[in-house]
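Nothing in this text is a laboratory measurement; each read-out follows from the coordinates by a stated rule. Everything quoted here is computed from the prediction, not taken from an experiment. Heads up, the Cβs are rebuilt from the backbone with ideal geometry, glycines too, and the neighbour counts pull from every protein chain shown.
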């Protein structure tokens, strides 16, 4: 069976070295942007050819209102995260996907963390969303992609929070640099505020073209329960996405 | 962060601590021998697998080999696929 998939790509630059990013990676939960993540377990791990292979199982709460529970079960969502870390090439590739409810929406996310020439770390995220709900696949995918873009910064913010906590000295240097730039006094509070803004500023997000004929898709979907569908597709996408 | 099995939390904490030290002090410095955390990992795994069985999580899907997705290998993952510009072929 051929299942159509929509895809989206975003890029984020973390103002930390690759080493810092991968050390923090295993400790990125909990953080204030990941309140839906309930549990996290390593269920498989080994070193092969000098690379570290890991499989983790995450579970997330299901913030579905009662009236929506007949559309899908109100149980925690399970997410599998496979990763390959190459310490020589300095790359970390992660692949996450939901298990269960795949017919409604299947969300695959691939993130590659690699070292930039300037010593910072580039994260390239790609999401592939498919749905087998007859007649609504396109609409569900479109909303899923919307959600992916809306949430693009959220995961980075959560991860940046963990990085700041783990590498406070790094933060000091950065704070000074940022506080000086706008010509403000380098007070601690202002410094922190500037850092937060800076953190968002460096998060360069470039979304690729996805659904060219979204307008048509939406018109079709509007015939039956457009808002109902949108609400649910958005929620499902949010739920399955690891960035929340 | 909690484990999926409530009674595995303590084991998970011990394993995570062992792993984090091994990862930054050994692995990233070129030592690939991971036997130091193996005993605690084994005990933790037994606990997690038990919890997964109790919660009826499909082990079938979980015991396959590692994957980083097949999106690069397929020619668009379907007829209606719309690939983003400049994506993925790296």
Proportion of all alpha-carbon pairs of segment B:6-61 beyond 17 Å (%)
46
For A:5-11, mean number of other protein chain Cβ atoms within 10 Å
5
What order, most packed first, do the peptides A:101-114, A:35-48 have when packing is the mean number of other Cβ atoms within 10 Å of each residue?
A:101-114, A:35-48
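How do A:13, A:77 rank when sorted from fewest to most other Cβ atoms within 10 Å of their own Cβ?
A:13, A:77
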In what order do B:66, A:128, A:161 fall by count of nearby beta-carbon atoms within 10 Å, going from fewest to most?
B:66, A:161, A:128
For an R0 of 41 angstrom, estimate the FRET efficiency from the Cβ-Cβ distance between residue A:35 and residue A:118 and round to the nearest 0.05.
0.80
Using the number of other C-beta atoms within 10 angstrom as an exposure proxy, rank B:13, B:56 with the fewest first.
B:56, B:13
Cα→Cβ-extended label distance, 7 Å offset, between residue A:154 and residue A:48, nm:
3.3
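Note the full-extension length gain between residue B:38 and residue B:25 as 0.36 nm times their separation in residues minus their Cα-Cα distance, in nm to one decimal.
On the way: separation 13, 0.36 × 13 = 4.68 nm, distance 1.61 nm.
Contour length minus Cα-Cα distance gives 3.1 nm.
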